[in-house]
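See below for the structure under consideration.
Just so it is clear, none of the values below were taken in a lab; they were calculated from the coordinates. Remember, it's a predicted structure, so these values are computed and weren't measured experimentally. Reconstructed Cβ throughout: ideal geometry from the backbone, glycine too, with neighbour counts over all protein chains shown.
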Amino acid sequence: MKRANWKRVVYAGAVVGLLIFLHSLKVVAPLESRLQAWFNPVLIHLYSTGNGLKKFYYFQTDRRDLAVVADGLRSEVNRLTEENSRLKALESENESLKKMLKFFSGEQRHYVASRVIGRSDFDQANQTILIDRGTRDGLLPGLAVVDQDGLVIGKVVDTKEVSSEVCLVTSSKCQFAAAIQNENKTIGLAKGDLGLTVKMELIPQSEVLKTGDIVVTSGLEKNIPAGLVLGKISQVVRENNELWQSARIETLSNLDSVSLASILLP
């Protein structure tokens, strides 16, 4: 080290030592108080700035932590919502299966239970559904299809090995030999009307029809047993100069939400 630098270090050490000695004797106390008074505002500003920066850091950290927690809670809510929806669907399907078993327990009929796996709504007048049973399960065109309550929802129109197409009872291409549960057991032909309702035709004018009468399958059709409920009469259409009268039939099954179906075997 050069001599000049060494002298500066010695002088600095001496000054510091002198200040410490004077501080111990409280000789420089007034000067220290004045200096502290001068620097207090600066220190307060520095402390306030540092405190603000610390709070901002903690705030940002808390926000990130809360965001992570919120994302986790959102994922959990979504998972629980999906699980709840799935459980409700299973519960609904279970109830439908119970109803179906209850219906067939009192009937001496052979049937195949199926699930609806597709739906065609492109042509409103000719709506169809696709079920997961086919020729491998003994199905063939012309068989009646009912819901869990035994209400007719349609008829098998096409079959493959593991699936079948079913025309809904309201489809214009779906028709059944029908009978009205009145005093005369009036017969006629029930067929879908533009995908909205069912219309029963070829009813003699002499027959007395009433709204609310139940319409069932007549049993005059191959592979379709008698007594399956098609619906109830909602309107009687009668023209005096016509040979036949007709009736509009309101279906009792909710065709828009059917998910399980049974096919009655011959």
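Just for segment 183-215: of the residues that are closer than 26 Å to F122 by Cβ and of a type in the set (G, A, S), which one is surrounded by the most Cβ atoms within 10 Å (Cβ to Cβ)?
Among those residues, the one meeting the criterion is A190.
Of everything in segment 144-168, what is crowded, with 17+ Cβ neighbours inside 10 Å, out of contact with any Ser or Thr (no Cβ under 6 Å at 6 or more places or on another chain) and closer than 22 Å to I214 by Cβ? Give them in sequence order.
A144, V145, G150, V152, G154, K155, L168 - these are the residues of segment 144-168 that are crowded, with 17+ Cβ neighbours inside 10 Å, out of contact with any Ser or Thr (no Cβ under 6 Å at 6 or more places or on another chain) and closer than 22 Å to I214 by Cβ.
Return the only residue of S246, S171 being out of contact with any His (no Cβ under 9 Å at 6 or more places or on another chain), in a loop (DSSP other than H, G, I, E, B), touching a residue at least 40 places away in the same chain (Cβ under 8 Å) and buried (at least 19 other Cβ atoms within 10 Å of the Cβ). Lay out the reasoning, then the answer.
Values: S246 fails: in a loop (DSSP other than H, G, I, E, B).
Answer to the check: S171.
Return yes when S246 is hydroxyl-bearing (S, T, Y) and more than 18 Å from V152 (Cβ to Cβ) and no when it is not. Write out each step before concluding.
On the way: hydroxyl-bearing (S, T, Y): yes; more than 18 Å from V152 (Cβ to Cβ): yes.
Yes: the conditions hold for S246.
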